[in-house]
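What follows is calculated from the coordinates using simple rules that are stated; it is not laboratory data. Because the structure is a prediction, the values reported are computed rather than measured. A quick note on method: Cβ atoms are made from the backbone with ideal geometry, for glycine too, and the neighbour counts reach across all protein chains shown.
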Amino acid sequence: MTRYLIPLFAFIVLAAFLLVGLTLNPRQVPSPLIDKPAPVFQLNHLHEPDKVMTSEDNLGKVWLLNVWASWCVACRDEHPLLVQLANSGIVPIYGLNYKDENTTAMQWLKRYGDPYTISVVDPNGRVGIDYGVYGVPETYVIDKKGIIRHKQIGPVTVDSLQKTIIPLIIELQRQA
Amino acid sequence: MNFSQLLKNYGRYDLLTSYRLGSVKGLIILLLLIFIVPSSAWSKEAIPVAEDPEIEKRMLALTMDLRCLVCQNESIADSRADFSNDIRREIRTQIKANKSDQEIIQFLVDRYGDFVLYNPPMKPTTILLWFGPVALFVVGLGSLVVYLRRRREQIEEVSLSETELKKAEALLNDNKGKNV
């Protein structure tokens, strides 16, 4: 009997591994920056280029950093959700306009709505490298101490907002 | 050859009839569009190679062993993705700033994780990766040995009985005369 059970068992184990493998997304590379301080940046505002924002301005509040670009198609998918989230007042969203043209970026925001408290400009993607950005959009949840708590790779979805991002934000806001 | 044939031969009939050409002027404009626009609009200028061949050599050696996160089966050295361009530029500036190879690798690992390395470091999380194949091989070899031993026991030679021996001898003797 075991003669037949052993191969069957081995097959089931192999099939289980392959099945789990099918559901994993190889494009989602876990970020080593989770639970590490958000890299400090000093960047010009998109709308008022003579103003500078640093990431340390946001110490003491929970905030989202959303990496976006007008050339990014997937950004258009998540954009209505970001506008909704911004309107709800749950959390301030800051935009990192990644490797874009200022004029087209501003036109894009005019057309699709502007959810960002401030959008800053990263014209050559150098700050993007510090944040480990390898595709747009990406969204970071940063806590009151300036520590990255979550990275959403790819567009945010209703599901990811409801199940992960918003509960995390509420929990982080409760912390001192 | 008339107009539509010309266009058909060019293989872009559907697209170009929408220009609604009616005159020689139209034809000239069309031909200009066909021959000039693609070559200027669709080709990018080659990105100049760094001035210093030494830097380029080090950069290439480094990026050979780094994975492009956008096109995951290519190294950063081979990839034409924007991401790889940025990383190559970053590595060039770091080499110019006199950073060591190790510092540059660490810089990238800090930001993108071990996944950028084609040569993963030995760590508790990568033990399975490093020794998994060896473990599988040992398990396979072990079960092969066990299987072969068992089989040998099963097909152990059975000695012939007296009568069977005589029968065989008789058959052999019988054949001798005929074959010679």
> Roughly how crowded by other chains is peptide A:125-134, in terms of the mean Cβ count from those chains within 10 Å of each of its Cβ atoms?
Replying inline: 5
> What's the FRET efficiency of A:VAL40 with B:TRP130 using the Cβ-Cβ distance as r and R₀ = 41 Å, to the nearest 0.05?
Replying inline: 0.70
> If we count every other residue with Cβ under 11 angstrom of B:ASP114's Cβ, Lys/Arg +1 and Asp/Glu -1, where does the sum land?
Replying inline: +1
> Which one of A:PRO115, A:PRO137, A:PRO37 has the biggest mean-square fluctuation once chain A is modelled by GNM with Cα springs under 10 Å?
Replying inline: A:PRO37
>> Using the basic label-point model (7 angstrom from Cα toward the beta carbon), what is the B:THR163 to A:GLU101 distance in nanometres?
In response: 10.3
>> Place a point 7 Å from Cα of B:TYR147 in the direction of its Cβ. Which residues in the stretch A:1-37 have their backbone N less than 20 Å from it?
In response: A:1-15
>> Quick check: residue separation of B:VAL70 and B:VAL138 times 0.36 nm, minus the Cα distance between them. What number comes out in nm?
In response: 20.9 nm
> Once the dipole of chain A is set up with Lys and Arg at +1 and Asp and Glu at -1 on Cβ about the Cα centre, which of A:VAL13, A:SER119, A:TYR94 lies farthest towards its positive end?
Replying inline: A:VAL13
> Taking the Cα centre of the protein assembly as shown as the origin, how large is its charge dipole in debye, to the nearest 20, when only Lys and Arg (+1) and Asp and Glu (-1) carry charge on their Cβ atoms?
Replying inline: 780
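On average, how many beta carbons from a partner chain sit within 10 Å of the beta carbon of a residue in A:19-30?
Mean partner shielding for this stretch: 1.
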> Which pairs break 21 Å Cα to Cα here: A:LYS51/A:LYS99; A:LYS36/A:LYS61; A:LYS145/B:LYS123; A:LYS99/A:LYS145?
Replying inline: A:LYS145/B:LYS123; A:LYS99/A:LYS145
